[in-house]
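Each remark here refers to the structure printed beneath this line.
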Amino acid sequence: MDCCKRLITELGRPEDDRDGVVPQALWSSALVAYARCFGEDGHLGLATEDVRGLPLHGAVLKFHEWIIGEREKLAAHSSDPFEAARIGAALPPPGGKDRRVQGIAIFSAGRVLVDVVGVQQLGALASELAKQTAEKAQKQQDTVLVDAQHLDIGSLYALPPLRMAPGAPGDAP
């Protein structure tokens, strides 16, 4: 959601005032962060059913699948190193007398960067999934609290305290 918010701000700036790499980086980060929430087998994280159950209208599931596909393209290694480039012929206007190839143009194929509406859609989808996940997490926290309250208090005090910050390399978890 944060990447989408920042990307909308960036896309609102005049094109001459923005670095072309920043929107691409933010979009790529948004794709990766969103896709990480979904486990491959549906057991870890969110699943397609979670998207299907959202109170959103339109082609939400189709958009979700497109986002996941774009992330897959972003993360996949191409088997053909030349697949990322396109070469075109530079031609004069069609009505002219001098109809010949005047040069070539080489385009580096970048990833798709959607417009503000697409970014807003991804942000809204992520926001709704975050709300849904928070509700599920609260139910799970309530269950864990009840279970923890039934444990022997002495054995809980005997356990090592949980660390709130990452420890040094090699520290026990």
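Take the Cα of A130, step 7 Å toward its Cβ, do the same at D142, and the gap between the two points is 2.3 nm. Once a ≥ b ≥ c are taken as the square roots of the eigenvalues of the Cα gyration tensor of the stretch 2-158, is the result rounded (a/c under 1.5), prolate (a/b larger than b/c) or oblate (a/b not larger than b/c)? Prolate shape, in that a/c is at least 1.5 and a/b is the bigger ratio.
Please work out the FRET efficiency for the pair A76 and D115, using the Cβ-Cβ distance as r and a Förster radius of 30 Å; give the result to the nearest 0.05.
0.80
Where a number appears in this text, it was derived from the coordinates with a stated rule and is not lab data. On a predicted model such as this, the values are computed, not experimentally measured, just so you know. Because the Cβ atoms are built from the backbone with ideal geometry, glycine has one as well, and the counts that use them run over all protein chains shown.
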